[in-house]
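Working notes for the structure below.
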Amino acid sequence: MPREIRIFDTPQQLFDSAANEFIALNPGTVALSGGSTPKSLYSLLATKNIPWDKTYFFFGDERHVPPTDPESNYRMASEALLSKAPIPPENIFRVPAENPDADAAARAYEKTVRDFFHLKPGEFPRFDLILLGIGPDGHTASLFPGSNGLKEKDRIFISNPVAKFKTDRLTFTYPVLDNAANIILMATGEEKAPIIQDILENSSSVLPAAQVHPANGRVLWLLDRAAASRLSR
Ligand code: 6PG
């Protein structure tokens, strides 16, 4: 499927577009991205008239911390959206990242996903929408350069040791990302420009975010002018 790239003068215009895309897609199942970029989108979505009772929220990745931790993606999404909109609690599937055993937490979430999607062994969930961000090192979700998770082709959700952070990150694997119906990747700021150029203009890029290729899904890149500033066209 061809990918689409949209460039905006300001982050706010990017988030407005992302919110409109979300509303237009009317996704049933959504995997939220973490970090800081999507927070503004989540706050904006909380003000929209969305059929919350028919929208089911999962997390593309999570830090190995309790949900109250400032690092928690759940905490960020909850503060910006999940506690601000009338979303039924049973529609929110939080990664049990408070479990000191990261592998057990990942396997528990994997079961949650399998059960929700009624998956048979070997099947992968097909999310209506997966939101992704891009790290300055080219990671996406918690698929970091050089991490074992990049090679995972069988599991759905794993604990992925990230050497540079001396911690485990919990993340969906490429087979899940590549099975999505829609992926929206968002990046803002000058810091991301070199990475965005490599991912979008170097066909042999080895960066993790460049390896996301949904066989039967739409990929939409939303960039502000700063993040797109190194692109040649
Ligand atoms: C996370 C995210 C991660 C994020 C990138 C970009 O857990 O951190 O899921 O993949 O999208 O690191 O983060 P920023 O938006 O903060 O630049």
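Nothing in this text is a laboratory measurement; each read-out follows from the coordinates by a stated rule. Bear in mind the structure is a predicted one, so any value in this text is a computation, not a measurement. Here Cβ is always computed from backbone atoms with ideal geometry, including for glycine, and neighbour counts include all displayed protein chains.
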In nanometres, the difference between 0.36 nm per residue of separation and the alpha-carbon distance of residue 155 and residue 206 is 16.2 nm
Given 0.36 nm per residue, what is the gain on full extension from residue 190 to residue 36 after removing their alpha carbon distance, in nm? 54.0 nm
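For the stretch 4-224, what class follows from the C-alpha gyration tensor (a ≥ b ≥ c being the square roots of its eigenvalues): rounded when a/c is under 1.5, otherwise prolate if a/b is larger than b/c, else oblate?
It is rounded, given that a/c, with a ≥ b ≥ c, falls under 1.5.
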HN-Hα couplings for the stretch 43-56 via Karplus (6.51, -1.76, 1.60; θ = phi - 60°), in whole Hz with x for Gly/Pro, come out as 4, 5, 4, 4, 8, 9, 8, 10, x, 4, 5, 10, 10, 10
Which one of 76, 220, 46 is farthest out on the positive end of the charge dipole of the chain, using unit charges on Cβ (Lys, Arg +1; Asp, Glu -1) and the Cα centre as origin? 220
Going by C-beta contacts inside 10 Å, put 186, 76 in order with the fewest on the left. 76, 186
Just from its helices, what would the mean residue ellipticity at 222 nm be for the chain, if runs of 4 or more DSSP H residues each count -39500 (n - 2.57) and the sum is divided by every residue, rounded to the nearest 500 deg cm²/dmol? -7000 deg cm²/dmol
Please list, in order along the stretch 37-42, the HN-Hα scalar couplings obtained from phi with the Karplus expression 6.51 cos²θ - 1.76 cosθ + 1.60 (θ = phi - 60°), rounded to whole Hz, x for Gly and Pro. 4, x, 4, 5, 5, 4
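Estimate the FRET efficiency between residue 13 and residue 166 by the formula 1/(1 + (r/R0)^6), using the beta-carbon distance for r and 30 Å for R0, to the nearest 0.05. Before the final figure, lay out the partial values.
Values: r = 38 Å, r/R0 = 1.26.
That gives a FRET efficiency of 0.20.
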Need one word for the stretch 93-233: rounded, prolate or oblate. Basis is the Cα gyration tensor (sqrt eigenvalues a ≥ b ≥ c); a/c below 1.5 gives rounded, then a/b vs b/c decides. prolate
Please work out how much length the chain gains when fully extended from residue 3 to residue 84, using 0.36 nm per residue of separation minus the C-alpha to C-alpha distance, in nm with one decimal. 26.0 nm
If you place +1 on the Cβ of every Lys and Arg and -1 on the Cβ of every Asp and Glu, how big does the dipole about the Cα centre of the chain come out, in debye to the nearest 20? 240
Give the long-range amide H neighbours of residue 218: residues separated by 5 or more places, or on another chain, with amide H under 5 Å away, using H modelled in the peptide plane at 1.01 Å from N. 182, 183
Using amide H atoms built 1.01 Å from N in the peptide plane, name the residues 5+ places from residue 31, or on other chains, whose amide H lies under 5 Å from its own. 58, 129, 130, 131
Mind checking which of 148, 18, 125 is farthest towards the positive end of the stretch 4-224's charge dipole, using Cβ charges of +1 (Lys, Arg) and -1 (Asp, Glu) about the Cα centre? 125
How would you rank 169-179, 38-48, highest first, on the average number of other Cβ atoms within 10 Å across their residues? 169-179, 38-48
Spelling out what I want: for every residue of the stretch 210-222, take phi, set θ = phi - 60°, compute 6.51 cos²θ - 1.76 cosθ + 1.60 (Karplus), and round to whole Hz; glycine and proline get x. 7, 9, 8, 9, x, 5, 9, x, 9, 10, 10, 9, 10
Taking every DSSP beta bridge that has both residues in the stretch 4-224, what percent is antiparallel when rounded to the nearest 5? 30
